[in-house]
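Each remark here refers to the structure printed beneath this line.
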Amino acid sequence: AKTSDKGGYEVFASGMHLQVVQRFQLEADLRRGLERQEFQLHYQPIVSLATGRIVGFEALVRWRHPQEGLVFPAAFIPVAEETGLIVALGQWILQEACQQLRHWQDQFPSDPPLMISINLSGCQFAQPDLAARIEKILHTNGLDGHSVKLEITETVAMKDVESTIGLLLQLRSLNLRLSIDDFGTGYSSLSYLHRFPVDTLKVDRSFVSRMSDTSEDATIVQTITMLGHTLGMDVIAEGVETAAQRTKLQALNCEYGQGYLFSKPLDPEGATALLAAQFQP
Ligand code: C2E
Ligand code: CA
Ligand code: CA
Ligand code: CA
């Protein structure tokens with residue numbers, strides 16, 4: 001809005017201008033980055049708290065920017081979503097993650113097989129042909145849907161509950177596994193949660209990280225875990241950084257953990273090395 005103070009308005013206006021220019025630049029950069037294949041997936045282990053074994057990985061996108069170096073998703077996913085570029089990027093992520101999983105399942109056979117978790121943005125989730133696209137990728141890589149888990153945030157899931165349920169059922173029919181991400185941070189309606197055909201709740205890092213400080217946050221994690229179990233879901237705690245947190249989570253019967261205590265997200269070579277260590281005879 002305009003202010004009567006002319007100087008203030010000009011500062012505001014030039015600030016806006018800068019933002020627009022930067023955003024425009026980023027959009028052009030993103031397009032070029034996609035063409036030149038500058039994106040890479042890193043993989044963070046998901047660990048069974050009971051056994052300490054890696055059961056799978058979450059795929060997390062990175063941008064190897066020629067000038068900026070390694071760029072994290074918070075810096076570009078929002079603009080990729082606004083511009084619709086996330087659809088092309090997301091398609092690449094699905095393909096890349098599934099291809100990597102194929103290699104790992106071949107190299108490290110196990111029962112149950114290793115899994116991959118893939119983040120879906122709201123735009124991808126709104127695509128009418130999402131299920132068909134994923135079906136094709138599964139087929140190309142000879143993967144059973146059961147080893148692929150899709151993560152959607154609570155906020156995306158709650159946007160249009162009826163269409164979410166329809167889409168989730170469609171994905172379900174491909175045998176895919178589904179997970180509600182960042183649980184506890186968004187607007188969430190418990191009366192809908194039980195209608196979502198999902199397998200997993202991911203407790204947001206913010207609750208896990210404060211778990212040892214205040215008993216209130218420990219109670220929140222406990223409540224979310226119990227809620228998930230009551231609805232027949234298993235529970236993954238995000239952002240596990242300390243052994244004390246791990247111990248508390250185990251006491252709450254939380255099945256899985258993910259976080260720096262176990263490993264940071266790793267490039268494909270690093271993740272493969274971790275698996276090689278786990279599977280060595
Ligand atoms: P998220 O899905 O909640 O992913 C977990 C984030 O927490 C990752 O950040 C991960 O590196 C970080 N993290 C894991 N363990 C710890 C820990 O112990 N401590 C701390 N402090 N952080 C931990 P990252 O990779 O920067 O990703 C940020 C967000 O960007 C993701 O949050 C997700 O919403 C989005 N994102 C990442 N990759 C993709 C993707 O392939 N597609 C889409 N649509 N979104 C993605
Ligand atoms: Ca996630
Ligand atoms: Ca998350
Ligand atoms: Ca989170």
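The values are calculated or read from the model by the stated rules, or taken from the named source; none is laboratory data. Keep in mind that this is a model prediction, so the values were computed, not measured. So basically every Cβ, Gly included, is an ideal-geometry build from the backbone, and we count neighbours across all protein chains shown. The accessibility values were calculated without ligands, DNA or RNA, using every heavy atom of the protein model including side chains. Shrake-Rupley method; radii C 1.70, N 1.55, O 1.52, S 1.80 Å.
Mind computing the radius of gyration and Dmax over the alpha-carbon atoms of region 149-192? Å is fine for both.
Rg, Dmax (Cα atoms, Å): 10.3, 29.
Where the centroid of each part is defined by its Cα atoms, how far is region 214-254 from region 169-197 in Å?
Cα centroid of region 214-254 versus Cα centroid of region 169-197: 18 Å apart.
Residue separation times 0.36 nm, minus the C-alpha to C-alpha distance between residue 20 and residue 195: what's the value?
Numbers: separation 175, 0.36 × 175 = 63.00 nm, distance 4.11 nm.
Stretched out fully, the residue 20 to residue 195 stretch lengthens by 58.9 nm.
State, as an integer percentage, the relative contact order of the chain based on alpha-carbon contacts under 8 Å between residues 6 or more apart.
On the way: 414 pairs, mean separation 49.3, N = 281.
With pairs under 8 Å counted, the relative contact order is 18 percent.
Can you give me the % of accessible surface on region 117-215 that is carbon or sulfur? Probe 1.4 Å, all protein chains present, nothing else counted. Kindly include the intermediate steps, with their values, before the conclusion.
Values: 2250 of 4370 Å².
Carbon and sulfur: 51 percent of the exposed surface of region 117-215.
By accessible area of protein heavy atoms, probe 1.4 Å, what ranking do 192, 43, 256 get, highest first? Each step should come with its number before you reach the end.
On the way: 192 85, 43 0, 256 60 Å².
Descending accessible area places them as 192, 256, 43.
Please work out how much accessible surface residue 171 shows to a 1.4 Å probe, ignoring ligands, DNA and RNA, in Å² rounded to 10.
Rounded to the nearest 10, the figure is 0 Å².
If you line up the long axis of helix 215-230 against the longest principal axis of the chain, both from Cα atoms, how many degrees apart are they, to the nearest 10?
60
Kindly state, to the nearest 0.05, the FRET efficiency for residue 229 paired with residue 277, given R0 = 51 Å and r defined as their beta-carbon distance.
On the way: r = 31 Å, r/R0 = 0.62.
Plugging the Cβ-Cβ distance into 1/(1 + (r/R0)^6) gives 0.95.
Output the pairs from 149/248; 149/264; 136/264 with a Cα-Cα distance over 23 Å in this structure; if there are none, say none. Walk me through the numbers on the way to the answer.
Working: 149/248 26 Å; 149/264 20 Å; 136/264 31 Å.
From the list (149/248; 149/264; 136/264), the Cα-Cα distance tops 23 Å for 149/248; 136/264.
Given a 1.4 angstrom probe, what's the average accessible area per residue across the chain, in square angstrom? Intermediate results must be reported in sequence, preceding the final value.
Values: 14250 Å² over 281 residues.
Solvent-accessible surface per residue comes out at 51 Å².
What percent of all Cα-Cα pairs in region 85-205 falls into each 10 Å bin, going from 0 up to the bin containing the maximum distance?
Final binned percentages: 13, 46, 32, 9, 0.
Could you calculate the contour length gain from residue 162 to residue 188, that is, 0.36 nm times the residue separation minus the distance between their Cα atoms, to one decimal place in nm? Write down the numbers at each step before the final one.
Working: separation 26, 0.36 × 26 = 9.36 nm, distance 1.44 nm.
Taking 0.36 nm per residue and subtracting the Cα distance, the gain is 7.9 nm.
At q = 0.14, 0.23, 0.30, 0.34 Å⁻¹, work out log10 I(q)/I(0) for region 193-233 with the Debye formula, treating every Cα as an identical point scatterer and leaving solvent out; two decimals please.
Values returned for q = 0.14, 0.23, 0.30, 0.34 Å⁻¹ are -0.33, -0.72, -0.97, -1.11.
Pop the C-beta distance of residue 106 and residue 260 into the FRET formula with R0 = 25 Å and round what comes out to the nearest 0.05. Don't jump to the answer; show the numbers that get you there.
On the way: r = 29 Å, r/R0 = 1.16.
Efficiency, rounded to the nearest 0.05: 0.30.
Please grab the % of Cα pairs in region 142-244 that end up more than 23 Å from each other. Write out the running numbers ahead of the final one.
Values: 1466 of 5253 pairs.
Considering region 142-244, 28 percent of its Cα-Cα pairs are separated by more than 23 Å.
Could you tell me the extents of the chain's C-alpha atoms along the three principal axes, largest first, rounded to whole Å?
68, 46, 38
Taking a probe of 1.4 angstrom, what is the accessible area of residue 139 in Å², to the nearest 10?
150
To the nearest 20 Debye, how big is the dipole of the chain about its Cα centre, given +1 on the beta carbon of each Lys and Arg and -1 on that of each Asp and Glu? Show your work: numbers first, answer last.
On the way: 23 positive and 33 negative charges, 28 e Å.
That gives the chain a dipole magnitude of about 140 debye.
Arranged from highest to lowest average of other beta-carbon atoms within 10 Å per residue, in what order do the peptides 123-135, 198-210 appear? Before the final figure, lay out the partial values.
On the way: 123-135: 16.5, 198-210: 21.4.
Top to bottom by mean Cβ count within 10 Å: 198-210, 123-135.
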